[in-house]
Amino acid sequence: MTVHALHIFDRKGKTLFTKRYTNSKSTPAQDAEQLSEQRKLIFGMLFSLRELMGSLTPEGETPALHSVKTGANTLHCYETLSGLRIALYTNNNPTMNAVGSRAGVENSRTSFQAALKHIYSEIWVECVVRSPLYRPRDIRVNEGEGMDVDGGEGRFDIRSTNFEQKLDAFLQSMPWFR
Amino acid sequence: MSSKSSAAQSGQALWTKMPKANAELFALTYGSLVTELVRDYEDPIEVNAQLDRIGHSIGVRCVDEFLSKADVAGMGMTTQCQSLRDTAEVVAKMGFKMFLGVQAEVGGFSQDQKSFSIYLQDNPLSTFVELPGDEQGGSDDLRRLKYSNVYCGVIRGALEQVNLKVECNIVRDTLKGDDLNEIRVELKEVLTDGAGDDYKEE
């Protein structure tokens, strides 16, 4: 499977949504702990990298971080002006990367950037922001099965929208999902 | 400025993409909301505050809608909003056009470029509306009501989401006999990004 996980953070680094697509062998409790540690590191890295890019980018040009590639995996990210960050954690997909670089990543309809943009504008905005229950800064985070944050009463839960279904359907329709 | 006409064009493009609602229904719904608030709170100052609060919640949501639509249309906001002047253009020409179908004008920049005015020729919210006039006495309290105060909240909420803390005020209102509507927007501070408490707690 190509896609490992997807995280959505707000401006302040709070996790709004997180989902893991690969199975892990550890128990759910361990897994949640691991995942939360991972999220923290990912957000920290994205944040610092952006600060760094801000100071490296020549004046008049827009700093933008598209992906971070390591030997084994690639982290694709998309940041909106409203501070939402979507991070998609995948393995290195040679065919996809080749297609992307040949066709120009921005234009390729199936590129990761386009996909993340789609997730934001067609799925996040449609399902979450438009939900009458949505209260910014008051979102309950699903930390995996049975790991709800305490005191979540009366808070908006993303699971009450069809965000997750739509997201899954969209990701599965992508040629690079598997 | 070169982006002047392009902002208007972009606004038009965004407007055509939006699902439309009947303008009269919209105006009447807003009217009944205000009436209800007046009945509930009785004090016009409190009503203004509530309208502002409602607007703030609307604005916080609007901005994502706006950014996603504008981004898809290929208008890079990051390149467009370099200064408050650009931001003002985008709010007036694109934001107002996209959500209300009316175009607003920008002007009245202060010396330090920290505040500006948005002028609305026609205000879709105030269709069919008449505020009780002076001569009626008694209800003279209602003259302090800022009928369209929801705009202030919307602008405040939307800009807050993109890290601009602003204060808005309706300074001229056609309902009070002025020749146009003027919303004064004042930039208080540019917020900085940083990890919040939630991140530290986690």
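The values are calculated or read from the model by the stated rules, or taken from the named source; none is laboratory data. These numbers come from a predicted model, not from an experiment. All Cβ positions, even for glycine, are placed from backbone atoms using ideal geometry, and neighbour counts span all protein chains on display. When the accessible area is computed, the model is the full protein with side chains, heavy atoms only, and any ligands, DNA or RNA have been set aside. Shrake-Rupley method; radii C 1.70, N 1.55, O 1.52, S 1.80 Å.
A compact table of results
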read-out	value
Within segment A:63-83, considering residues that are touching a residue at least 60 places away in the same chain (Cβ under 8 Å) and in a loop (DSSP other than H, G, I, E, B), the one nearest to the other protein chains (Cβ to nearest Cβ)	A:Ser82
Residue list for segment A:45-62, filter: open to solvent by 70 Å² or more (accessible area, probe 1.4 Å) and assigned to a loop (DSSP other than H, G, I, E, B)	A:Pro58, A:Glu59, A:Gly60, A:Glu61
Within segment A:89-120, tally of residues that are buried (at least 20 other Cβ atoms within 10 Å of the Cβ), out of contact with any His (no Cβ under 9 Å at 6 or more places or on another chain) and modelled with pLDDT of 80 or more	2
Residue in segment B:165-189 that is most open to solvent (accessible area, probe 1.4 Å), counting only those that are polar (S, T, N, Q) and without any contact (Cβ under 8 Å) to a residue 60 or more places away in the chain	B:Asn169
Test: residue in segment A:12-19 that is among the aromatic types (Phe, Trp, Tyr), in contact (Cβ under 8 Å) with a residue 40 or more places away in the chain and either assigned to a helix (DSSP H, G or I) or within 28 Å of A:Lys166 (Cβ to Cβ) (or both)	yes
Close pairs from segment B:110-121: first open to solvent by 100 Å² or more (accessible area, probe 1.4 Å), partner not polar (S, T, N, Q), Cβ under 9 Å, at least 6 apart	B:Gln121/B:Val102; B:Gln121/B:Ala104; B:Gln121/B:Glu105; B:Gln121/B:Leu180
Number of positions in segment B:16-72 that are assigned to a loop (DSSP other than H, G, I, E, B) and more than 21 Å from A:Leu81 (Cα to Cα)	6
Restricting segment A:19-44 to residues that are within 11 Å of chain B (Cβ to nearest Cβ) and in contact with a helix residue (DSSP H, G or I) (Cβ under 8 Å, 6 or more places away or on another chain), the residue that is most open to solvent (accessible area, probe 1.4 Å)	A:Lys40
Residue within segment B:32-48 that is open to solvent by less than 40 Å² (accessible area, probe 1.4 Å), under 17 Å from the mean Cα position of the chain (by Cα) and closer than 18 Å to B:Phe99 by Cα present	no
Residue match in segment B:152-163 (condition: open to solvent by 40 Å² or more (accessible area, probe 1.4 Å), modelled with pLDDT of 90 or more and not in a strand (DSSP E or B))	yes
Residue that is most open to solvent (accessible area, probe 1.4 Å), among those in segment B:90-109 that are under 16 Å from B:Arg184 (Cβ atoms) and more than 12 Å from the chain's Cα centre (by Cα)	B:Glu105
Single match in A:Ile86, A:Ile42, A:Ile8 (criterion: at pLDDT 85 or above and part of a helix (DSSP H, G or I))	A:Ile42
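This table checks each residue for (1) farther than 24 Å from B:Leu131 by Cβ; (2) more than 14 Å from every other protein chain (Cβ to nearest Cβ).
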{"position": "B:Ala27", "(1), (2)": "no, yes"}
{"position": "B:Tyr30", "(1), (2)": "no, yes"}
{"position": "B:Thr35", "(1), (2)": "no, yes"}
{"position": "B:Leu51", "(1), (2)": "no, yes"}
{"position": "B:Ile58", "(1), (2)": "no, no"}
{"position": "B:Ser68", "(1), (2)": "yes, no"}
